[in-house]
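Reading through the structure tokens given below for one structure.
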Amino acid sequence: MHLKERVRLCSRCFSITEDDPCAVCADVRRNGSLICVVAEAKDVFAIERTSAYDGRYHVLGGLISPMDGIGPSQLRVRELVDRVAAEAPDEIVVATNPNAEGEATALYLSRLLVPSGVRVTRLAYGLPIGGDLDYADETTLARAIEGRRAL
Ligand SMILES: [Zn+2]
């Protein structure tokens, strides 16, 4: 049995999973009115470790980075827009790293999604500037989730 063969992307949130949909997407007790947007699947696991968040996720597959030639079309932005239309969440929590790419991505998503009537929030920092979300300790990350504010 090879682990690699069983690991795939969730067709709904694009997190890494063995089952599709993933455990978070399949769990009816999760809060469907919240979608937390992260750059990478590892950020999902970092936030899950805090137990401070009970909504769902959306993994972009990276961050907007003009210097590296990465724009919204290379990320799962269209899939997010489709989910907002289909699932009608109340709030999108943008949980990108507190660096230039993370900020650019958060601002882009805010401008894109707010006109559709959804609230877009960003984690409070708290988190070390320039640091990586998944290196933050659980207490700091939990506080950042609880203290999120509108973009
Ligand atoms: Zn999923």
State which residue pairs qualify: first residue under 18 Å from VAL93 (Cβ atoms) and without any contact (Cβ under 8 Å) to a residue 24 or more places away in the chain and inside region 17-35, second residue within 12 Å of the ligand (Cβ to nearest atom) and of a type in the set (Lys, Arg) in any location, beta carbons under 8 Å apart, and separation of 6 or more residues or different chains.
CYS22/ARG12
If you take the residues in region 1-32 that are within 22 Å of LEU112 (Cβ to Cβ) and in contact with a Gly (Cβ under 9 Å, 6 or more places away or on another chain), which one is nearest to the ligand (Cβ to nearest atom)?
PHE14
From the list ILE47, ILE35, which residue is within 14 Å of the ligand (Cβ to nearest atom) and either part of a loop (DSSP other than H, G, I, E, B) or within 22 Å of GLY117 (Cβ to Cβ) (or both)?
ILE35
All but one of (1) assigned to a strand (DSSP E or B); (2) under 19 Å from ARG143 (Cα atoms); (3) not polar (S, T, N, Q) hold for HIS58, so report the exception by its number.
(2)
For region 42-54, pairs from a residue that is touching a residue at least 60 places away in the same chain (Cβ under 8 Å) to a residue that is exposed (fewer than 14 other Cβ atoms within 10 Å of the Cβ) and not polar (S, T, N, Q), with Cβ under 7 Å and 6 or more apart or across chains, are ARG49/GLU138; THR50/GLU138; ALA52/GLU146
Among VAL24, VAL81, VAL77, VAL94, which is touching a helix residue (DSSP H, G or I) at 6+ places or on another chain (Cβ under 9 Å), closer than 20 Å to ARG149 by Cα and of a type in the set (A, V, I, L, M, F, W, C)?
VAL94
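Read the figures in this text as sums done on the coordinates, not as results from a lab. Owing to the predicted nature of the structure, the values given are computational and were not obtained by experimental measurement. A quick note on method: Cβ atoms are made from the backbone with ideal geometry, for glycine too, and the neighbour counts reach across all protein chains shown.
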